[in-house]
Amino acid sequence: MDIKEFLSQPISDEEVEFLPILPEEEGADGKKLDVPEVLPILPLRNTILFPGVVLPITIGRDKSITAVKEAYKANKLIGVVGQTDGNIEEPEFKDIFTIGTVAQIMRMIKMPDGSTTAIIQGRVRFVVRELVQSEPYMKAKVELLQDTMPVEDKEFDALVLSIKDLAAEIIKLNPQIPSEASIVLRNIANPVTLTHFISSNLNISTIEKQRLLEVADMRVRVQSVLEYLNKELQMLQMKSDIQNKVKQDIDKQQRDFFLSQQLKTIQEELGMHGADKDIQRLKDKMSKLTLPEKAKEQVDKELEKLQRMNPAAAEYSVVLNYVDLILDLPWGIYTKDDFNIKKASKVLSDDHFGLDKVKDRILEYLAVLKLKGDLKSPILCLVGPPGVGKTSLGQSIAKALGRKYVRIALGGLHDEAEIRGHRKTYIGAMPGRIIQSLKKAKSSNPVFILDEVDKIGADYKGDPSSALLEVLDPEQNHAFYDNYLELEYDLSKVLFIATANSLQTIQPALRDRMEIIPIEGYSIEEKLQIAKKHLLPKQLSNHGLKAKQVQLSDKVLERLIEEYTKESGVRELDRQLASVMRNVAKKVALNEKYNPNVKEEELSKILGPEKFDKSIYTEENIPGVSVGLAWTPVGGDILFIESTLSKGNGAITLTGNLGDVMKESASTAVTFLKANAQKLGIDPDVFSKVNVHLHFPEGAVPKDGPSAGITILTSLASLFTQRKVKPYLAMTGEITLRGRVMPVGGIKEKILAAKRAGIKDIIMCEKNKKDVAQINPDYIKNIRFHYVKNMDEVVELALQKNRVKNGIDFSQFEKK
């Protein structure tokens, strides 16, 4: 029967699902297909039409019926596209895919229920370029797409045969597919038509079918179809296997025994002894190692178990991997330390500027190790803001000692098993990160960096920081127990170095086990030296430039540091230097003339306007505004405190995202001010007639801690006395109810922040004098320090002598 006879016959419900296939480029009359530039668009839901495939569709939407009828009257051609969401009843242009298939309407049938059924055949792919009209139906400008066909490609022919064979197997396995489908499949000779026919009948989602339609390369499309067919065949085979297993009524143990005997016989006939080879390999490996007695006993026990085990059993690979791990660990293997202390000192100094405390501690450890010959490694914790070189310092220490370097990132870790490992009884069990890292290092005394130890989490899976207690305790870590290894491992020779931004979030017991070495932020002078010795050479190398092609003077670097960075470390400085290098590299690549000596005025052209203006910290403010110094995990910072009055009944309002400790400091300051009002020249009755509002700017940033106490009191004293706070002045310190000034922490970071901001005078507790003494005097020159014991001294130093003109008239708050 030819296609004309087929189409002339009525279609009944009993007709087969798979309809005839026509050549893609020719019509039923054999003429070449002539597709106009503008086509009516027919959106289909949950269906994708492929070229060459005949598809009966029931049309229910008014727009679609109109489009099909108009196309049928004209040239019987219509653009068929899939909907991105099949639940949309009235799709618009944005709701359809842009790639579809030109379809020829072969016949239209009016059904008894009033609906219209059309039989369409896909002809050629197209892409929608522009929507021409939306009403009464969509019309669009289209461009035909051509398939990229491999030429005389045997591999492609093999792929086509593969999908044909797989499709035939699926038809056999799936009882829901009619047997006529295999006849249709055998009669398709054209590889393109075959691919489209199979693609149309794949059991995959509409989105996946659309992806197939959009692929222009026939090789890629055939490979994708092959993958989908393989997945479908595997699912059908699994389903068939499950059904067969259910039907079988034989004892599983007998069946396993029968199959294992068969397998053993086959292996003997073929000379294959997989298990024996594995066991022999492990024995040879063990003979070359010096294992601890307990580890050797465990390996022998597991090897005996392997010999009795069927290689096809699931547990076989578990035991094999376990023995492999034991034999891969560096039992008793240590790298030899380099005891040349001068060389170690040079390596540390060459790689990092400053950080003298850490360098001295490492050299001390090396010196004692050289004299004593055996020493438990210290557990160091480097605490400081980001970008000061904590992590990279670990690499330098490993290099100086001649040891292997290992690093694990602990940030966000919340599963205890990541440290101690899983028990072997669990599927996919693995050793903990400590054991895994030692296996990779192939040494039992590496420099081990525990990065971001302050950012460890905890949940229902356990607390990793508690698991680290054993790792970081010199009295316990000589017998570290990993749940997967089930053997004790000696970690006492490992030099553990933890890094953290803050000590506040580290568990107290864990903090107690570590030797804390604070690494403060860098001063401008230190950053200048770091830029010259480390960052500039690195960026020159990264950008393929030579030293003579770009030169930055100390003044240019200092301005770049002050106006374009505001950090304790040097990461942002490194990024800004990279921007300068990129600018120069572009000029060099384009052979442009330029001055290799970068001037100060050129920075604004390269990096844009200055990012940080320190004048706001030094200008004279109105009464009620004071400047404090704050410590943050990323370094020191400047903190403004503003206060103002309004008529009221003595209420106090605090704003600025404050913590409980800072709120208590504000309450203490207000109480002290009320108790000492007459001494400060304030009318005591005024407090009951006004409301006070204290505000800490940058409300999105959480603030807490006691060190703003004297700053809050200075702000209030300035407000009530109407005496301005002196310019270029900042302060830090805790206050008591008696007015005593208490010492606070983070002094170096705070002083460096003040230096960056151009502050000239700093008020702090007398007991913080020892902290200032530890800072290099060259870094804090031109800053005057005022050490105080009580608030009377603070007010005397901070406030100007005279009351401002046109200040607040407190008589206006008198009750009438």
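The values are calculated or read from the model by the stated rules, or taken from the named source; none is laboratory data. On a predicted model such as this, the values are computed, not experimentally measured, just so you know. Neighbour counts are summed over all protein chains in view; Cβ atoms, including those assigned to glycine, are modelled from backbone coordinates with ideal geometry. Accessible surface is based on the protein model in full, side chains and every heavy atom, while ligands, DNA and RNA are left aside. Shrake-Rupley method; radii C 1.70, N 1.55, O 1.52, S 1.80 Å.
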### Query
Checking E698 against (1) assigned to a loop (DSSP other than H, G, I, E, B); (2) over 19 Å from T668 (Cβ atoms); (3) touching a Ser or Thr at 6+ places or on another chain (Cβ under 9 Å), which single condition isn't satisfied?
(3)
## Note on the structure
Scanning segment 290-310 residue by residue, those surrounded by 12 or more Cβ atoms within 10 Å (Cβ to Cβ) and in contact (Cβ under 8 Å) with a residue 40 or more places away in the chain turn out to be L291, P292, A295, Q298, N310
#### Entry: Hits in segment 437-471 - residues which are modelled with pLDDT under 80 and open to solvent by 50 Å² or more (accessible area, probe 1.4 Å)
A458, D459, Y460, K461
### Message
Residues that are open to solvent by less than 80 Å² (accessible area, probe 1.4 Å), closer than 19 Å to S115 by Cα and modelled with pLDDT of 85 or more: list the strands (runs of 3 or more DSSP E) wholly contained in segment 1-82 that include at least 3 such residues.
### Response
38-44, 54-59
#### Entry: Residue check for L535: open to solvent by 10 Å² or more (accessible area, probe 1.4 Å), in a helix (DSSP H, G or I) and farther than 21 Å from S396 by Cα
no
### Test: T117 is in contact with a Ser or Thr (Cβ under 8 Å, 6 or more places away or on another chain) and hydroxyl-bearing (S, T, Y)
yes
### Task
Kindly check whether there is at least one residue in segment 782-795 that is farther than 23 Å from L355 by Cα, open to solvent by less than 10 Å² (accessible area, probe 1.4 Å) and under 44 Å from the mean Cα position of the chain (by Cα).
no
### Query
Within segment 112-133, can you find the residues that are touching a residue at least 12 places away in the same chain (Cβ under 8 Å), open to solvent by 70 Å² or more (accessible area, probe 1.4 Å) and over 47 Å from the mean Cα position of the chain (by Cα)?
none
### Message
Kindly evaluate S492 against the criterion of being in a loop (DSSP other than H, G, I, E, B), in contact with a strand residue (DSSP E or B) (Cβ under 8 Å, 6 or more places away or on another chain) and small (G, A, S).
### Response
no
### Message
I'd like to verify a number: residues in segment 500-515 that are open to solvent by less than 80 Å² (accessible area, probe 1.4 Å) and in a loop (DSSP other than H, G, I, E, B), how many?
### Response
7
### Query
What are the residues in segment 318-350 that are surrounded by 14 or more Cβ atoms within 10 Å (Cβ to Cβ), touching a residue at least 60 places away in the same chain (Cβ under 8 Å) and of a type outside the set (F, W, Y), if any?
V318, L325, I326, D328, L329, P330, I333, T335, D337, D338
### Message
Can you name every one of the helices (runs of 4 or more DSSP H) wholly within segment 341-436 that holds 2 or more residues which are modelled with pLDDT of 80 or more and under 23 Å from the mean Cα position of the chain (by Cα)?
### Response
390-401, 417-420
### Query
If we scan segment 765-785, do we find a residue that is over 24 Å from V670 (Cβ atoms), outside any helix (DSSP H, G or I), touching a Phe, Trp or Tyr at 6+ places or on another chain (Cβ under 9 Å) and of a type in the set (F, W, Y)?
no
### Query
From the list P175, P136, which one is over 30 Å from P91 (Cβ atoms) and either open to solvent by 30 Å² or more (accessible area, probe 1.4 Å) or of a type in the set (D, E, K, R) (or both)?
P175
### Message
Conditions first: (1) in contact with a Phe, Trp or Tyr (Cβ under 7 Å, 6 or more places away or on another chain); (2) buried (at least 23 other Cβ atoms within 10 Å of the Cβ); (3) under 19 Å from G636 (Cβ atoms). T732 passes all but one, so which condition is the exception?
### Response
(1)
### Message
Any residue in segment 386-398 that is closer than 22 Å to E749 by Cβ and buried (at least 18 other Cβ atoms within 10 Å of the Cβ) sitting within a Cβ distance under 6 Å of a residue that is among the polar types (S, T, N, Q) and modelled with pLDDT of 80 or more? List the pairs, counting only those 6 or more apart or interchain.
### Response
K390/T499
### Query
open to solvent by 20 Å² or more (accessible area, probe 1.4 Å), part of a loop (DSSP other than H, G, I, E, B) and either closer than 20 Å to V347 by Cα or at pLDDT below 85 (or both): does that describe E520?
yes
### Query
Hey, among the residues in segment 83-109 that are more than 24 Å from I188 (Cβ to Cβ) and among the β-branched types (V, I, T), which one's surrounded by the most Cβ atoms within 10 Å (Cβ to Cβ)?
I96
### Query
Does E600 satisfy being in contact with a Cys (Cβ under 9 Å, 6 or more places away or on another chain) and more than 19 Å from K755 (Cβ to Cβ)?
no
### Task
Please name all residue pairs, on different chains or six or more residues apart, with Cβ atoms under 8 Å, provided the first residue is in segment 642-667 and is under 18 Å from I735 (Cα atoms) and part of a helix (DSSP H, G or I) and the second residue is basic (K, R) and open to solvent by less than 60 Å² (accessible area, probe 1.4 Å).
M662/K703
### Message
So, K750, is that one open to solvent by less than 10 Å² (accessible area, probe 1.4 Å), of a type in the set (K, R), in contact with a strand residue (DSSP E or B) (Cβ under 9 Å, 6 or more places away or on another chain) and under 30 Å from G387 (Cβ atoms) or not?
### Response
yes
### Query
Take the residues of segment 585-604 that are among the charged types (D, E, K, R), under 20 Å from D554 (Cα atoms) and surrounded by 12 or more Cβ atoms within 10 Å (Cβ to Cβ): which is modelled with the highest pLDDT?
K599
## Note on the structure
The condition of being more than 27 Å from M149 (Cβ to Cβ) and at pLDDT 75 or above holds, among K247, K239, only for K239
### Task
Filter segment 471-481 for residues that are more than 16 Å from C381 (Cα to Cα) and in contact (Cβ under 8 Å) with a residue 12 or more places away in the chain and give the result.
N477, H478, F480, Y481
### Query
Taking segment 661-709 as the region of interest, how many residues are within 49 Å of the chain's Cα centre (by Cα), among the hydroxyl-bearing types (S, T, Y) and surrounded by fewer than 16 Cβ atoms within 10 Å (Cβ to Cβ)?
2
### Task
Name the residue, out of L552, L557, L607, that is open to solvent by 20 Å² or more (accessible area, probe 1.4 Å), closer than 23 Å to I638 by Cβ and of a type in the set (A, V, I, L, M).
L607
### Query
What is the one condition in (1) part of a loop (DSSP other than H, G, I, E, B); (2) at pLDDT 85 or above that L202 does not satisfy?
(2)
### Message
Tell me yes or no: at least one residue of segment 203-212 is over 39 Å from the mean Cα position of the chain (by Cα) and open to solvent by less than 40 Å² (accessible area, probe 1.4 Å).
### Response
no
### Message
Quick check on my filter: what residues within segment 351-396 are touching a His at 6+ places or on another chain (Cβ under 9 Å) and at positive phi?
### Response
G389
